[in-house]
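Read-outs: derived from the displayed coordinates by stated rules, not from any lab. These numbers were taken from a predicted model, which means no experiment stands behind them. Because the Cβ atoms are built from the backbone with ideal geometry, glycine has one as well, and the counts that use them run over all protein chains shown.
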Amino acid sequence: MTDVGLGSLAAAEIAAPRRHGTLRRLLRHRSFMIGFSIILLLTLAAVLAPLISPIDPSAMKVRLRFRPPSSAFWFGTDMFGRDVFTRVLYGARISLFVGFSVCVVSGLCSAIIGVIAAQFRRLDGAIMRLMDALMSFPAILLALGIAAALGPRVSSVVIALTVAYIPAGVRIVRAAALTVREMDYVQAAQVSGASSLRIVIRHILPNCFSSLLVHLTFIFAYAMLAEAALSFIGVGIQPPIASWGNIIAEGRDYATEAWWVMLFPGIAISLAALSLNLLGDALGDMLDPRQKGGA
Amino acid sequence: MPACCSFGTCGSNSAWRQDGWPVPDTRLQEVTLIRIVAKKLLQAVPVILIISILAFLLLSLLPGDPALIIAGEQASPAAVEQVRRQLGLDRSFFEQLAVWLFNLAQGNFGSSLILNQSVLSAVLERLPVTLSLAGLSISITIPVGVLLGSVAAYFRRTWIDSLVMTVALFGVSIPAFWIAILGVILFSVQLGWVPSSGFVPISQGVGPWFSSIILPALILSLFQIGFLARMTRSAMLDVLSQDYIRTARAKGLSEWRTIGKHGLRNALIMIITATGILLSAAIGGSVIIEQVFALPGIGRMVVQAILARDYPLVQGTMLILGFTFVMINLTVDILYTLADPRVSHD
């Protein structure tokens, strides 16, 4: 028992400076800083939307329809005379909320399910076959089916995308957990009488964390792109709630005359996804050398 | 003497080929192969069963009475009852599940409420469109993605690498449906090179078919090219740092042979895996792209079915696609085993 205690103490001492180093290296990592700055800016814009633009995103002024971008309407106005800039700001709230919720909830679920599959070997087969079944669908199609069944609400989109992205996370956690389980120090902890729960919390979860974090950063980006696509085809977030996907859908019919309605939300999605992909790449470089370039 | 033997790690009883691959023992390999293929096939059976049950449960996710939702709010009670009977919703849960599985076993995937057609025939009718789109897109993606990824890996840490990887990063970040609208404005409206929507079957001439499908296929490829280039680069970087590449260079092989034969061949395994993912993703992505270009494919049908609340059609189509994806994954798994004798199987 003492041995294990000393062992983990030593490990903690060794780990501390490394963690420090990681943070410093992250701050010096160019793509991390670019990605982090953009996503921070977008998040601030989303949170402070009512302060940045005092206009009501769904206030219609038919008199002002299809005004091109100007100093009064930075991104122009749409077919109902609504301010596109304000709608893109409020769209950021929905899109980032959906992306972040999917990322967090699917991360938690994958961690729990993955650890269960790795720890309780008798359940492993059943769990992994269920994951195989879910994973045999492309995420967007699975989400489409679930969102359609649950009905057009924000929560349905979150649930649908969460379910769609759980299997990939489960595979990552399970694989990491299975590797860690075989490590000498975990076996030592087991022999010295540590409970399974303690082993999971103290040893297995921390060791799955970096692979999972890198993966979830990409899931954030994918979930946002998928939400936009679902909302674009009319199965996701429904008007009048503004989401980047449904603003593009509304602007699409007037794309040649009023290009600004669909252009700016598209740039917003691309920027958000780009910054998250940069973040994911940087985190992958730093935390998880095995997972280069990510996917 | 190859570098891999200098540490004595390759014992005298196992021969190694010059490209770093162990010479396979054919008889042993055949037996393991058959076992592995059989195991994969067996694993696919529960997956197919689970997919069938999940598709069945899709209808029970509907909040409220499915019969009422499908028939519509304004439907008369008699019409609702008719829908209920037609879908077998008046029976018990397990009875319904049993009927559903029994029908599936006979190849009956149900029938559409709006199309007056069985789901299978509706899907088969639209298959050529989706297959053209996904197929053409994949045949653009694989050579371009592999080439870009290899070039980036070979010129790593130079401006070429940065340029290629930036392009790839944009590819995986820009939403396809948005770039599709911009593409239509540029290539159809402004330049008039290709029609902005609609599908011409290949039976009406290869030229018209090609011009009706090339823009959607290219746009569908953008994400995939980015994805594949990133994957190829990281796989190639792994391969290029191996001892046998250094050996190949040391013994004076030309760069072309070193990269082409030893490098790419080892990266092939990754490419096979990627192809399965890409094919599924191409079919998934075509659901969205078909909407933008009004292509009458499976994806457009599913979306129309959802909006028209034709749930049996959604359910049946998802199921057929699910089976297709299981088959794709199975094929990839088996090819993977054939390509890489080193793969270990738990």
Checklist line | Under Karplus coefficients 6.51, -1.76 and 1.60, residue-wise ³J(HN,Hα) of region B:31-47 in Hz, glycine/proline x | finding: 4, 5, 4, 4, 5, 5, 4, 4, 5, 4, 4, 5, 5, 6, 4, x, 4
Next item on the list: Would you kindly derive the ³J(HN,Hα) couplings of region B:231-238 from the backbone phi angles with the Karplus curve 6.51 cos²θ - 1.76 cosθ + 1.60 (θ = phi - 60°), listing them in order in whole Hz, with x for Gly and Pro?
Entry: 5, 4, 4, 6, 5, 5, 4, 4
Next item on the list: May I ask for the angle, rounded to the nearest 10°, between helix B:119-154 and the longest principal axis of chain B, with both axes built from Cα atoms and the value confined to 0 to 90°?
Entry: 20 degrees
Next item on the list: Could you state the orientation-averaged shadow area of the convex hull built on the Cα atoms of region A:149-295, in nm² to one decimal?
Entry: 11.0 nm²
Margin query: Projecting each Cα onto the charge dipole of the protein assembly as shown (Lys/Arg +1, Asp/Glu -1 at the beta carbon, about the Cα centre), which of B:TRP159, B:SER112, A:THR86 comes out farthest on the positive side?
Written below: B:TRP159
Notebook entry, point to check: Under the definition of partner shielding as Cβ atoms of other protein chains within 10 Å of a residue Cβ, what is the mean value for peptide A:146-155?
Noted result: 4
Notebook entry, point to check: Mind checking the dipole of the protein assembly as shown: about its Cα centre, +1 per Lys or Arg Cβ, -1 per Asp or Glu Cβ, Debye to the nearest 20?
Noted result: 1220 debye
Next item on the list: Would you calculate a helix-derived [θ] at 222 nm for chain A, using -39,500 (n - 2.57) for each DSSP H run of n ≥ 4 and dividing by the full residue count, to the nearest 500?
Entry: -25000 deg cm²/dmol
Check: Nearest 20 debye, what's the magnitude of the dipole of region B:227-346 about its Cα centre given +1 on Lys and Arg Cβ and -1 on Asp and Glu Cβ?
Finding: 520 debye
Next item on the list: For region B:120-175, run through the trypsin sites (Lys or Arg not before Pro) and keep only the ones in DSSP coil with at most 11 other Cβ atoms within 10 Å of their Cβ.
Entry: B:ARG157
Next item on the list: For chain B, set up a Gaussian network in which alpha carbons nearer than 10 Å are linked by springs, and say which option among B:SER203, B:SER111, B:SER139 fluctuates the most.
Entry: B:SER203
Next item on the list: Using the charge dipole of region A:102-179 (Lys, Arg: +1 at Cβ; Asp, Glu: -1 at Cβ; taken about the Cα centre), state which of A:VAL102, A:GLN119, A:TYR165 has its Cα farthest towards the positive end.
Entry: A:GLN119
Note to self: At most 11 other C-beta atoms within 10 Å and a DSSP loop state: those are the exposed chymotrypsin sites (Phe, Trp or Tyr not before Pro) I care about. Give me the longest piece of chain B that has none.
What the structure shows: B:8-192
Check: When all alpha-carbon pairs of chain A are counted, what percent fall beyond 36 Å?
Finding: 29 percent
Check: Which residues' amide hydrogens lie under 5 Å from the amide hydrogen of A:THR77, considering only partners 5 or more residues apart or on another chain, with H built in the peptide plane?
Finding: A:PHE66, A:ARG67, A:VAL84
Notebook entry, point to check: Given only helices, namely DSSP H runs of n ≥ 4 each adding -39500 (n - 2.57), what is the per-residue ellipticity at 222 nm of chain B, to the nearest 500 deg cm²/dmol?
Noted result: -23000 deg cm²/dmol
Checklist line | Highest-fluctuation residue, B:SER137, B:SER196, B:SER211 considered, GNM on chain B with Cα pairs under 10 Å | finding: B:SER211
Checklist line | Relative contact order [Cα under 8 Å, 6+ residues apart], chain A, whole percent | finding: 24 percent
Notebook entry, point to check: For chain A, which longest stretch is free of loop sites, where a loop site is one of the chymotrypsin sites (Phe, Trp or Tyr not before Pro) that DSSP puts outside H, G, I, E and B and that has at most 16 other Cβ atoms within 10 Å?
Noted result: A:121-253
Margin query: I need the shape label for region B:48-130. Rule: rounded when a/c is under 1.5, else prolate if a/b > b/c, else oblate, with a, b, c from the alpha carbon gyration tensor.
Written below: oblate
Notebook entry, point to check: Shape of the protein assembly as shown from its Cα gyration tensor (a ≥ b ≥ c, root eigenvalues): rounded if a/c is under 1.5, otherwise prolate when a/b > b/c, or oblate?
Noted result: rounded
Check: Hey, what angle do you get for helix A:205-233 against the long axis of chain A, alpha-carbon based, 0 to 90 degrees rounded to 10?
Finding: 20 degrees
